[in-house]
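Remarks on the structure that follows.
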Amino acid sequence: MKQVDIAVVGAGPAGLHAALMGAERGLDVLVIDNAGQAGGQLVKQTHKFFGSREQRAGTRGIHIADELTKKLSTYTKARLWLSSTVLSYYPADQTLMIEDDAESIRLIQAQRLIIATGASEKLLPFPGNDLPGVYGAGAVQTLMNVHGVKPGRKVLMVGAGNIGLIVSYQLLQSDVEVVAVVEAAPHIGGYAVHASKIRRMGVPIYTSHSVKAARGEQVLERAVIWQLDEQWNGIDSTQFELPCDVLCLAVGLSPLTELLWQAGCRMVFVPELGGHVPWHNGRGATSVPEVFVAGDAGGVEEASSAMATGALAGLSAVESLGQCPDYAEATGAWSRELDALRAGPAGSKIRKGLQSLQL
Amino acid sequence: MRISEHPILKFRRGHRVRFYFDGQEMKGFEGEPIAAALHAEGVRVLHYSEAGRPRGFFCAIGNCSSCLMMVDSQPNVRTCITPLRAEMDIRTQRGRGVLSGEQSEDRES
Amino acid sequence: MMPDEERLKQGPVAIFECLQEIPCDPCADACQFGAVLAFQDINDLPQLDYDACNGCGNCVSRCPGLAIFVIDMTWSEDKALLKLPYELLPLPQKGDEVRCFDREGTEVGQGRIVRVVQSLRVGTPVLWVELDKELALDVRHVAPLSGGGERDG
């Protein structure tokens, strides 16, 4: 059986950063991702990132993905398996079972495992939500920004968090009409600057509104929208229809934690972090000494934070193998970055989540 | 439904190839996901559930099974992540699909 | 964050419509004249030294939130100049008449493109729009005369 020092599951911003920490310190690192392309969700992000220069603020996600992948490829001891799916993890002998790009099963024994599987999109229950045309925001981005196919002609966006606002703007950039953004909460959750970009282009944002139903014969033709009262119940008298051929769901993310459960990590339910997450110490260490967590799998945040939590998890894994002479210095720098990102009002939810994780 | 010009992105597309959807000739770019090629051609219903409800594209990352189709006689192909090849025979799948030879031959254990 | 009337009378100046503390600071590095004060914390709101700002517009092309504009109320006798970031196609060309929209997306008048700046590789293109003075403080988006932005209000 093949053995590696560190296996990283997920080649998104967190996984690639974690892998680089090991590769830069001379370790055998294997990164596994089920997509055909490295970068995770970065490959769909055409907008310029926020954050500081260290987190490549002002750079578009698509370029960050290229840059990180190229950097990793300069290390001969680092390998990247794409189109490969980790099927399971056996903690007793620290073995991963992987279906590779030739659909063969391979077993890999890893001294340390870093889980950077990211998050999956949440769904919204309403009649007709299975109609073709009701798509996840990630799918809309994939279709439009990776494959260059317009998802439809008239899009109704559900969710005014950063993803809903950013994807709305990306749709407008692809010359697709956004008929409206509806948001169940009484306030726009995403950054005001993202909302301003689409407001001035004439897109209405309905807060305290939700989707009552999606209608259409074979495919989506229109959505029924209604206002919500203070208890978040729909008000019949307020309902109206919006013609649309795409209903894009951007209603939040849940950490993808199957492998962490399998590894026997102590799991904690923290709504502010997106649901069940592994207990972790803020530098990626979980309750299982060989297993580390990075990025959204440990709590849903922004890509800038994922890069920092990835680097911290990578450094912690290397340190636990006794191979990280610069641990204090390197983790200090990344921790300061991460603390700064989370310091403002925009980070209050994540701060609260991380606090309750430690209780 | 293709984006011809984009303010930020340049799309690197493969060769334009012919394929068939339920017997009808269509064109797409080699290597793009089958579901993307179909979407660009205006095909949005990819599958019917056991109960007969139409199903389309949904997650685009091979997780949700909404896009399962028959491709070259193989059922349950995740068309959102399976690359398009020239001359592919792609068919709308109904229900769980049928393996080729399933009805006529004994299944190997 | 709007400069006072006196400052507007002195020439071009940047307007930062960044009113929410978010972790973002590229504008602090964008200004070669030191008009954007250094951040103590990445979540700080940007602080502009209006006397040091000459309205060059470099920050406009660098802001990831597309939240910075430059206004020159001294552009001509009856017209003002507005510099705004523009990430859409088709990119208007010099001489084009454009429809002007306010922050709510309501069409409020017309302007004319006098320059299109696309200097930096990563920079957002910046349009220089000549428009009526009374529109300059409200207009935040433009669209070609035909197509695009047809959903007024």
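Nothing in this text is a laboratory measurement; each read-out follows from the coordinates by a stated rule. Quick caveat, the model's predicted, so the values are computed rather than measured. Here the Cβ positions follow ideal geometry from the backbone for every residue, glycine too, while neighbour counts run over all protein chains shown.
Listed values, structure above:
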read-out	value
Ranking of B:TYR48, A:TYR89 by count of other Cβ atoms within 10 Å, fewest first	B:TYR48, A:TYR89
P(r), alpha carbons of the protein assembly as shown - 20 Å bins starting at zero, rounded %	19, 50, 29, 3, 0
Rg/Rh ratio calculated on Cα atoms of the range A:123-249 (Kirkwood radius)	0.94
Area projected by the alpha carbon convex hull of the range A:1-41, averaged over all directions, nm²	3.0
Fraction in percent of alpha-carbon pairs per bin - 10 Å, the range B:1-72	17, 47, 29, 6, 0
Most mobile listed residue (A:ALA333, A:ALA294, A:ALA250) in chain A, GNM with C-alpha springs under 10 Å	A:ALA333
Cα point-scatterer Debye curve for chain A, base-10 log of I(q)/I(0) at q = 0.07 Å⁻¹	-0.31
Computed [θ] at 222 nm, helices only, for chain B once each DSSP H run of length n ≥ 4 contributes -39500 (n - 2.57)	-1500 deg cm²/dmol
The range A:123-249 - share of DSSP beta bridges that are antiparallel (%, nearest 5)	45
Which listed pairs, of A:LYS197/A:LYS349; A:LYS150/B:LYS27; A:LYS48/A:LYS349; A:LYS44/A:LYS154; C:LYS83/C:LYS133; A:LYS150/C:LYS94, have C-alpha distances above 18 Å, in listed order	A:LYS197/A:LYS349; A:LYS48/A:LYS349; A:LYS44/A:LYS154; A:LYS150/C:LYS94
Bins of 10 Å from zero: percent of alpha-carbon pairs in the range A:248-359	15, 47, 32, 6, 1
DSSP-defined antiparallel bridges as percent of all bridges, chain A, nearest 5	50
Size of the range C:1-69 as Cα extents on the principal axes (Å, biggest first)	33, 21, 21
Semi-axis lengths, Å, the range C:5-144, gyration tensor of Cα atoms, sqrt of 5 times eigenvalues	24, 17, 14
Kirkwood Rh (inverse of mean 1/r, distinct Cα pairs), the range A:1-159, angstrom	17.3
Other protein chain Cβ atoms within 10 Å, averaged over every residue that makes up A:129-141	6
Neighbour-count ranking [beta-carbon atoms within 10 angstrom, fewest first] of A:ILE115, A:ILE163	A:ILE163, A:ILE115
